[in-house]
1. Listed residues A:67, A:10, A:76; which is at pLDDT 90 or above, outside the structural domain of residue A:258 (by TED's automatic domain parsing) and not hydrophobic (A, V, I, L, M, F, W, C)?
2. In the stretch B:114-129, which residues are surrounded by fewer than 23 Cβ atoms within 10 Å (Cβ to Cβ) and more than 7 Å from chain A (Cβ to nearest Cβ)?
3. Find all pairs meeting these conditions: Cβ atoms under 7 angstrom apart; at least six residues apart or on different chains; first residue within the stretch A:164-181 and within 13 Å of chain C (Cβ to nearest Cβ); second residue assigned to a loop (DSSP other than H, G, I, E, B) and of a type in the set (D, E, K, R).
4. Test residue C:274 against the stated conditions and say whether it is outside any strand (DSSP E or B), within 14 Å of chain B (Cβ to nearest Cβ) and within 22 Å of the chain's Cα centre (by Cα).
5. I'd like to verify a number: residues in the stretch A:76-105 that are in contact with a helix residue (DSSP H, G or I) (Cβ under 6 Å, 6 or more places away or on another chain) and either within 12 Å of chain C (Cβ to nearest Cβ) or of a type in the set (Phe, Trp, Tyr) (or both), how many?
6. Against the conditions (1) touching a residue at least 40 places away in the same chain (Cβ under 8 Å); (2) surrounded by 19 or more Cβ atoms within 10 Å (Cβ to Cβ); (3) closer than 25 Å to residue C:318 by Cα, where does residue C:53 fall short? Just the number, please.
7. Give me the helices (runs of 4 or more DSSP H) completely within the stretch C:65-127, filtered to those with at least 3 residues that are at pLDDT below 90, surrounded by fewer than 21 Cβ atoms within 10 Å (Cβ to Cβ) and away from chain B (no Cβ under 14 Å), ordered by residue number.
8. Being within 23 Å of residue C:402 (Cβ to Cβ) and either in a helix (DSSP H, G or I) or not assigned by TED's automatic domain parsing to the domain that holds residue C:328 (or both), is that true of even one residue in the stretch C:47-59?
Amino acid sequence: MADVREAPDSSLAVGRRSGAPGALLRFVTGRPRLNEAVPADYAYLLPAALIVCLFVYYGIYFNIEASLYDWNGLTSDRYFLGAGNYEEIVRDRAFRQSLTNTLIWSVVSVAVLTVLGFLLAVLMSMEIRFKSLISSLIMIPSITATVVVAFLARKIMGGEGGEINQLLQLVGLGGLARAWLAEPATALYALLVAHIWQWTGFSFLLYFAALTLVNREVVEAAVLDGAGFWRSSWDILFPICRSTTFALIILGVIQSLKTFDIVFLTTGGGPGRATEVLSTYLFDKALLESRAGYAAAISIVLVVLALVATVGFLWLQQRKSVDAA
Amino acid sequence: MHLQASPATLRISQGTLLLAGAVFAAPMLVAISVAMRGGGVTNFVTVITDPNMPRFMLNSLIVAGGTIAVVLTSATLAAYAFVALPLRWAQPLLLLLIAPLMIPPASIFLPIFINVRALGLLNTLPAVIGPIAALTIPVMLLLIRSFLMGVPRSILDAAKMDGSNSFQTLRFILLPMMKPILVVSTVWTFLTAWNEYFLPLVFLRRVESQVVSMAPKYFTIDERTPNLGLQFAALLLISVPTLLLFLYFRRHLIRPVTSGAVK
Amino acid sequence: MSKMIKLTVLASVVATAALLPTAALADESVTGNVLWWSWKVPQAEGDALVARFNEVYPNVEVEYVWQTPSDYFPALKLSVAAGDVPDVWHNQAGAMFAEYAPFTEDLRPYVEAERGADWKDDWYAAPLASGITEDGKVAGLPFVNLGAGTLWYNKTIFDELGLVPPTTLAEWKAVSAALRDADVIPYVQGASQDWINLDMFIAIANQVAPGTFYEADHGEIAWTDPSLVESMEIWKSLFDDGIQQDGALSMTQYPDSHDLYSSQQAGMIMQGTWNNSSMTQAGQDAYRNAYGTEEVFESVPFRFPDVDGDGELGGMTIDVDAFLMMSETSENKEAAWALISFLLSDEIQASYNGGKLVIPGTSTVALDPSLALTDKQREALVWEAELLAATTFPREMRTPEIRTALGVALQEVASDQLSAEDALAEVDRVSQRVHRR
C-alpha cells in the first residue's frame, strides 16, 4: 500500500537530497553545491521586490517615523513624542476594544472560511450535477463590491423590516428577531456573517484548485483500501491541501487583522465601539480626529501583530512539512 | 477526478450544495430589486448607455490588465524561487515580500501619494496599477507558493533528470500544471484591480482617466442622496465582467491535470 | 448681531438682485486654469455652473470635481497633505475649517476690492465671523449656510391618521405609538452616524440648559454637568420609549433613513434646512423619478418638541454649510477669485441656493417662499427664518476628538453599554486631555 501521505512532498528544494540520488542530481544539474543558490536564482525575486519596495516600504518607514510625533497629518508642525503615542495606546480603552474585536474577527473568520471552503470543495469533487451553476452561485458574493454587501447586510439584517427577521417570524421563531447590527452583543457576529458570506467563494475556489492536483491513483488506492468518504477526505485530502490551508490561514489572519471595508461601510464601527476594529479605529484617529501620529503608531502595532502571526504560522508550516518528509 | 462515495452521501452532498448555492445567491435578489427602483429594467439601460461608461470601462481594463501582468509575473517567478531553488535566507526574504500585506492601506495612502507625485505619475493609470500590484503580489506569492508546494517532487526530479535548468522547468513543466492557481490568481487580481475605489479616487483626477468603480457614485438625486436604483444597477453591471472572467476560465479548473502524469 | 434671514413674498428675486454681466460683456482678460473641488454641488450641476461662468469669463479653464461627502474629506486631506491643493475648494465649518485655514489665501483684499469697505454687510454676521481666523485672515467665505435642529413630518400620513406634530416628549411618544399601530415607522434616524446624533443631542441640550453645551465644548465646564447628564438621559429615553425605530443604531441617515421617510414608510425624520429642496417642485420631481412613484406627499418641518417640560419649543442652530476657500499656493489666483466671486454673486446665490430653498451664503439674496409647494411649508420657511435670526448657537463642534468621543458616547448610551454619567465622564476625560495640550 502506498503511503499516501508521503507522495506529495512539500519541499522541492533539490539541495536536500542526500546520498546517491543527490549526487546524481547535482551532477545532472551542474550545480557545484546544491545547497547554495547561484546569484541568478535571486533574480526571480527582483520584479516582486522592486514593486513592493517602490510603493510600500516607504510607507512603512513613513509610519514608523510619524508614530513618534504628535502630528495632525496636514501641516508641517509636529511635536516629538518618542514613545508617547505607544504609551497612550497601552492605556487606551477604545484601542483595547478594537484589538479584541479584531482578534475575534480574525479567529472566527479564518476558521469558518477555511473549513467551509474545504468542505464545499470536497463536496464539489464528487459526481455532482449542476457543478457549473452551483460554483458560479457560490462565487457571486466574492465578485460583488463590498459597498453592495454592506447595504445588503444593513437591509437584510435590519430591524423589523429585515428579511432575516421576517424569515424568523415565518417559521415561528419571531422571538429571536432583533436588530442584529444595532445591538452591541450581536453586531460583530452579524458583520462576520456578512463577511463570511462574501468570501467563502474564494476559499472554495482555492481548495478546489488545490484538489485538482490530487493524483487520482493515490486517492483511489486509499479508497480501495476501504477508507470511507469522510475518512478519505480528512486523512487524505486535507493533508494534501495542507499548504493551501496554511496559505489561507496566513493570508486570512493578515487580511483580517486589517479588515476595514466591510466594517466601515456597514456599521462604521458602531454602535459605540462594538464593531470597532483596528483599521477603522485608525481611520477615525487619522482622518476624523486628525491625530496622524497616533494612527501611525496603531498601524505599526498592527504590522507587528501580523508579523508575529505570520512568523508563527510559517514556522508551523515548516515543521509540519518536515514531519511529513 | 471524482471521489467515490455512497449514493446516500452523494444525495446529501447534492442537496447541501444546492442549498449552499441558494444561500449565496439569494441576497443578490434583494440587490436586484433595489436596482430596479425607479425605472425597472430601464435602469440598467440608463447605466450602460451613459456616455462616460465606455471610457471608464476601458481605463479599468487597462488597470486590471496591467496589474494582472505585473502581479502574475512577479509572484510566479518569486513563488517558484522560494519553492524550487535553494535560496539562502529564504524565510526572511519571504517575510520581507509578504510584510507589505500587513500594513493597513489607509496608513500608507499618504506615503504612496508622495511617491507617486515624486515619480510624476499623478493622473496616470500606472499610479493606480503600481500600488495595487504592490499590495496584491504578496497575496499571490503566498497562494502560488502554497500551490507549488503541493506539486509532487517526483515531477521536478524527472525534469532535472532530463537536464532542464530552473527557468525551463518553470516554463515548460510547472506552468501548464499551474493553470488552476493561475486562474484563481487572475480572477482575484482582476477583482481587486477592477473594484479598487480609493486609489483611483485620489490619483486619477481628470474625468477622462476615471475608472469604472467611480461610475456608480455619480448617479445621485442631489449632492447627498444617492439614486439607489441607478447606483445598484451600475454596481451590478460592473461586477459582470469579473463574473464573465471567472466563467471563461472555469474550464481550466475542472480538468484534472496530473492524472496519469506520473506512472 | 445677526441679520434677519430675508424672505420676500415677491415672486422674482432675480429682478432685484445684481446681475452678472451677459456674454456681451464677457471679461476676456482673466485667464488661467482653476481646479475646483466640492461635495456640495453634484457633478452635473457643477458643470452647468462652470458653463455659465465661462460665458462671463471665457478664457478661464475650470475643472470641477465632485466627490461624495464621505470620499471628499479623506481625499482632500490626502491631497493637501501631499502638497497638491485645489485652487478653489469647499470646506466645512468647525474643526475642519481650522485645519485647512493655514493653506488658504487671505480673501480679504479680493473681497474688499470687489465689494468695498463695507463688504461684511453682504454676509450674515455669525457665519461670516466663523470664516475669519483669530489674526483676521479671511480664510473662507460662506457659500451656503444651514440651520439644524428641526424635525420633519409626513403631513399626508398624519392627516390621514388625524395626528398633529408633537410639541412635548409625551406627545411624541403618543404619536409614535399611533404611527406604529398604523404600521408606519414613527421616527427614523441614521443613528450609526455621529453627525445626526449630535444634531439631536445638541437640540436636546439647548432646550435643557441653553448654552451649556458650548461651555462644555470650550472646556469651561465639565461634560458631566447635570444638565448634560439630563440631556443624555432624554436622548436615551427616545430609544427606550419607542420613539426611535428598532435598529436605528445600524442605519445611516443617507440613504437608509432618508429612503424610509421618502418612500413613506416612516412618519418623522430629523433634517435641517439642507433638506428644504424637498419642498420645491424640482425636488419632488427628482425624488419621484428616483423612486418611480407618482405619489406626492407633503413633508413639512416642525419645531423641536419641548422635551424638558419648560413650555418652550426648540430653537435652531446655525452654521456655515460650506465655505469657499482659495489655495495659498495657487498659480491662478486671479482666475480662482473670479470663480469664487461668481459663485458668491447674487445671481448664482439666488438661482442655485435660492432655488433649493437653502440659506444662501450671502445676505443680499432673499429666499422666495413661493417656491415651496404648500401653505404649511411656506409657514415653515417663515418661522425658520425667525429662529435662525434669533440664534447664535453654532451647529458644529470645535474639536474633532471631543466630537468623536461624544458621538461614541451617544451610541453607547443608546445601546445600553454605558450609563449616561459614565459615558459623559469618558467624554470629559478626552476633553480634559485636549484642553490641557
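1. On the way: A:10 fails: at pLDDT 90 or above; A:76 fails: at pLDDT 90 or above.
Exactly one residue qualifies, and that residue is A:67.
2. Step one: of the stretch B:114-129, the residues surrounded by fewer than 23 Cβ atoms within 10 Å (Cβ to Cβ) are B:114-115, B:117-126.
Result: B:114, B:117, B:118, B:119, B:120, B:121, B:122, B:123, B:124, B:125, B:126.
3. Between residues of the stretch A:164-181 that are within 13 Å of chain C (Cβ to nearest Cβ) and residues that are assigned to a loop (DSSP other than H, G, I, E, B) and of a type in the set (D, E, K, R), the close pairs are A:179/C:246.
4. Numbers: outside any strand (DSSP E or B): yes; within 14 Å of chain B (Cβ to nearest Cβ): yes; within 22 Å of the chain's Cα centre (by Cα): yes.
It is true that residue C:274 is outside any strand (DSSP E or B), within 14 Å of chain B (Cβ to nearest Cβ) and within 22 Å of the chain's Cα centre (by Cα).
5. 4
6. (3)
7. C:95-100
8. The first filter runs over the stretch C:47-59 and keeps only residues within 23 Å of residue C:402 (Cβ to Cβ), leaving none.
The answer is no; no qualifying residue exists.
The values are calculated or read from the model by the stated rules, or taken from the named source; none is laboratory data. Note that the structure is a prediction, hence the values are computed from the model and not measured. Glycine gets a Cβ as well: all are built from the backbone with ideal geometry, and neighbour counts include every protein chain shown.
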